[in-house]
Amino acid sequence: MKIVIVGGVAGGATAAARIRRLDENAEITVFERSGYISYANCGLPYYIGGAIADPEALTLQTPESFFSRFQVRMKVHHEVTAIHPEKKTVSVTNLETGEQFEQAYDKLILSPGAKPTQPRLPGVGLNKLFTLRTVEDTFHIKEYIRANQPKSAVLAGGGFIGLELAENLRELGMEVTIVQRPRQLMNPYDADMASFIHNEMRRHGVKLALGHTVEGFEEKNGGVDVLLKDEKPLHADMVILAIGVTPDTELARAAGLELGVKGSIVVNARMETSVPDIYAAGDAVQVKHYVTGQDAVIALAGPANKQGRIIADNICGGDSRYLGSQGSSVIKVFDLTAASTGVNETNAKKAGLDVDAVFLSPMSRAGYYPGGKLMTMKVVFEKQTYRLLGAQIVGYEGVDKRIDVLATAIHAGMKAPQLKDLDLAYAPPYSSAKDPVNMAGFMIENIARGKMKQWRMEDMAVLPRDGSAVLLDVRTAEEYAAGHIAGFRNIPVDELREHLHEIEQGKPVYVICQSGLRSYIACRILEGHGMQAYNFSGGYRLYDAVVNDRRLIEAATACGMDQ
C-alpha cells in the first residue's frame, strides 16, 4: 500500500509513525515544504527569548532519524502543488532543484496545517515585518534581533503566539506593545478572567493598545509606523503579525474537496474527506466542538496528534473515531499560568445555551503550608441540567492540574455538582483536603439545592440603590478601608450576628467579601434569620481586577496607548 502524506509536523508525522507500527510493509512518503519535520511549534517563541538555547531542541526528529526508526521517506523542501483524485496522484515540486514529478498513492493524508493570517493592508511586505509559524520564521526573527539589536516591537494580535512572544521579547529587554481590534486578549477566556491576564502583562511592562484597528504599516525613522484608525501611529523597530492563523487549504480547494468553516477541510469522524481515500488532520480541518456540537476550527497540537493516529488506524483496517475538540489549553504569561477547557460563558450563550457560572479563589496548597498561591477559577455549567460546560483558571501554581481534572470531567459527561465527589490526591504541599475542584462542586451543589443565590458583575449596574435593598460588605474594617464599592455598608462577617437588628427585614441583601467565601457564610446567617441574601460571585478581588482593567482600556482608547 502506497501512502502519501502532505505535511510532516504534528498530524502528518504522527500518522506516518503509527502506520509503520501497524503495517511493516506500507510504502510511506511524506512531503514537507519547509526544511524541518516533527518540530515543536509551541516552543518557537521560547527559542527567540533564549529560554530554549539549542536550536536543535526544536526539532523532535530529522528526516534521517525518522527513516532510521520508521523507514518512512521524509522529503523536506518538497511542495505538493496539486492533487489528482481521479488518477490518485499528486504533483510535487522539489524546491531545491526545481524538479517536478507526480507521485502515486493508494491513500492520501493532508496535514498542511495553518498559515499566519495576513491582512490585506498597505506595507505588509516590509522587511521589518515578521510572522511566526515555522522554524525558518523563528531563525529569521532571531537573526534579525541579533544583527540589529531592536529596542522595541509591536505585536499585532493577542492570542497564544502574541502573548508568548511578548514575554520572550521583554526577556530580551525590548519595549513591547500589543495592538488589536478586540478589547481583550485571549479569546478562549471571558472578559472577566482575561482581566487577570491583562494585569499580569501590564505588571511586566507590556503596553496594551486594545480596541484599536490597524490600517497599515510604513517605514519611518529607521523603524516601522503601525497606522491606526483615528489614532496616532505606534512606532517600533520591528513588528510581528500574530493576528491568528488560517487553514492552509488551497490545495484541497483546487482538488474539489468540500470545505467548511473558515475554508477548513470537512471531514467525518473517521477523518475522511469528501473524496474517497483522502484523509485530513490538524489545523486545516473542521471539527465538532465537543461541548456545543457546533462546527469549529481549533488549532491545537493535541487534537492534531490524535487525528493523525485515528487516520493511521483507519487506513490500516481499524475503525477509530474522533469525538470532537474540547479546546483544552494552558499558557505561561510571565509568572502567571492561564488555562481553559470546554466553552466559555460568552460562547456558550452565543451557542444558545442557558448557562450560569461560579467563581472561586482558592489556595493552591493547604492554607497552613508555606508557599501556597492564590488562583481564580471560573466554572461554567448549564442551568436546569447542570451539565458541565467549561472552565477557566488563572493563578501561579497548580493551575494545570485543576484544568486537566475539569477537562476530564467534561469529557466524561459529568454534572457540575458531581465535582464534589471526585477523590483527588491530597498532601499539604500540593493541595487542601477539599481540592479547589471539589470546592467548585460544593458551590454548584449549593446553587442546585437553593442554598446559595448569586449576583454577578453584570448585575452591578442595575443593583437597587434607592434604599429598597441592603448592600453589605462583610470584609474586615481594614479591607473595607483599603477599597470598597460605593454604597456598600461594612459589617465584618464575624460581627454580623450582633448587628442583625440593624438590617431591615423584608429587603433583599446583596453581600460581597474578598473572594466569595465569607459572603457565602454571611448569606447563610442572613437566610437563617429569614432574610433573602445574594452572594457576589467572585468577590471584591474579581470586581477590582475587572474595574481597573476596564479603566485602563478606556484610557488607552482615549489616548492611543495603555498606561
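The values are calculated or read from the model by the stated rules, or taken from the named source; none is laboratory data. Note that the structure is a prediction, hence the values are computed from the model and not measured. All Cβ positions, even for glycine, are placed from backbone atoms using ideal geometry, and neighbour counts span all protein chains on display. Note: accessible area is taken over every heavy atom of the protein model, side chains too, but ligands, DNA and RNA are not part of it. Shrake-Rupley method; radii C 1.70, N 1.55, O 1.52, S 1.80 Å.
Report Rg/Rh for the chain, rounded to two decimals, where Rg is the Cα radius of gyration and Rh the Kirkwood radius. Kindly include the intermediate steps, with their values, before the conclusion.
Values: Rg = 26.6 Å, Rh = 26.0 Å.
Rg divided by Rh gives 1.02.
Would you mind telling me the antiparallel percentage of the DSSP bridges in the chain, rounded to 5?
Given both bridge residues lie in the chain, the antiparallel proportion sits at roughly 55 percent.
Under a Cβ-only charge scheme (Lys and Arg +1, Asp and Glu -1), can you give me the dipole magnitude of the range 1-142 about the Cα centre, in debye to the nearest 20? Mind dumping the intermediate values first?
Working: 16 positive and 15 negative charges, 80 e Å.
So the dipole magnitude of the range 1-142 works out to roughly 380 debye.
Given the options 158, 532, 52, identify the residue whose Cα lies farthest towards the positive end of the charge dipole of the chain (+1 on Cβ of Lys, Arg; -1 on Cβ of Asp, Glu).
My answer, from the dipole projection, is 532.
Using a ≥ b ≥ c from the Cα gyration tensor of the range 449-548 (square roots of the eigenvalues), is it rounded, prolate or oblate, where a/c under 1.5 gives rounded and otherwise the larger of a/b and b/c decides, a/b for prolate?
rounded
If you take the C-alpha gyration tensor of the range 106-180, multiply each eigenvalue by 5 and take the square root, what semi-axes do you get, largest first, in whole Å?
On the way: eigenvalues 133, 45, 37 Å².
Its equivalent ellipsoid spans semi-axes of 26, 15, 14 Å.
Looking at the range 146-254, which trypsin sites (Lys or Arg not before Pro) are in a loop (DSSP not H, G, I, E or B) and have at most 13 other Cβ atoms within 10 Å?
Those satisfying the criteria are 151, 229.
Quick one: helix 160-171 against the long Cα principal axis of the chain, what's the angle to the nearest 10°, folded into 0 to 90?
80 degrees
With all protein chains present and a 1.4 Å probe, how do 462, 90, 470 order by accessible area, largest first?
Result, largest first: 462, 470, 90.
Using just the helices of the chain, give the 222 nm mean residue ellipticity in deg cm²/dmol: DSSP H runs with n ≥ 4 each add -39,500 (n - 2.57), and the total is spread over all residues, rounded to 500.
On the way: 14 runs with 157 residues, N = 563.
Dividing the helical sum by the residues of the chain leaves -8500 deg cm²/dmol.
Place a +1 charge on the Cβ of each Lys and Arg in the range 370-484 and a -1 charge on the Cβ of each Asp and Glu, then give the dipole magnitude about the Cα centre in debye, rounded to the nearest 20.
Details: 15 positive and 14 negative charges, 66 e Å.
Here the size comes out at about 320 debye.
Give me the angle, in degrees from 0 to 90, between the Cα long axis of helix 10-22 and the longest principal axis of the Cα atoms of the chain, rounded to the nearest 10.
The angle comes out at about 70 degrees.
In the chain, which longest range has no chymotrypsin sites (Phe, Trp or Tyr not before Pro) that are both DSSP loop (not H, G, I, E or B) and surrounded by at most 15 other Cβ atoms within 10 Å?
It works out to 1-367.
What size of dipole, in debye to the nearest 20, comes out for the chain about its Cα centre when the only charges are +1 on Lys and Arg C-beta atoms and -1 on Asp and Glu C-beta atoms?
Its charge dipole is roughly 720 debye.
Using DSSP to call loops (not H, G, I, E or B), can you name the trypsin sites (Lys or Arg not before Pro) in the range 378-451 whose Cβ has at most 13 other Cβ atoms within 10 angstrom? Write out the running numbers ahead of the final one.
On the way: sites: 378, 383, 387, 401, 402, 415, 420, 434, 449, 451; in loops: 383, 434, 449, 451.
Those that pass, being in a loop and sparsely packed, are 383, 449.
If you average the C-alpha positions of the range 350-422 and of the range 49-113 separately, how far apart do those two centres end up, in angstrom?
A separation of 41 Å, based on Cα centres.
Find which of 61, 93, 485 sits farthest along the positive direction of the dipole of the chain, computed with +1 on the beta-carbon of Lys and Arg, -1 on that of Asp and Glu, about the Cα centre.
Ranked along the dipole, the leading option is 485.
Where a ≥ b ≥ c are the square roots of the eigenvalues of the C-alpha gyration tensor, would you call the range 350-486 rounded, which needs a/c under 1.5, or, failing that, prolate if a/b is larger than b/c, or oblate?
oblate
Put +1 on the Cβ of each Lys and Arg and -1 on the Cβ of each Asp and Glu in the chain; which of 379, 178, 197 then has its Cα farthest toward the positive end of the dipole?
379
Taking loop as defined by DSSP and a crowding limit of 15 other beta carbons within 10 Å, which trypsin sites (Lys or Arg not before Pro) in the range 40-115 fit? List each step's numbers first, then the result.
Details: sites: 69, 73, 75, 87, 88, 107; in loops: 87, 88.
Listed in order of number, the matching sites are 87.
Averaged per residue, what accessible surface does the chain expose to a 1.4 Å probe, in Å²?
Using a 1.4 Å probe on heavy atoms only, each residue of the chain averages 43 Å².
Which far-off residues, 5 or more places away or on another chain, put their amide H under 5 Å from the one on residue 5, with H placed in the peptide plane?
Excluding prolines and chain starts, which carry no amide H, the hits are 29, 30, 31, 109.
If I compute solvent accessible area with a 1.4 Å probe over the protein chains, what percent of it on the chain is carbon and sulfur? Could you put the intermediate results ahead of the total?
On the way: 12220 of 24450 Å².
After summing per-atom areas, the C and S share lands at 50 percent.
Mind checking the angle between helix 539-559 and the chain's longest principal axis? C-alpha axes, 0 to 90 degrees, to the nearest 10.
The angle comes out near 60 degrees.
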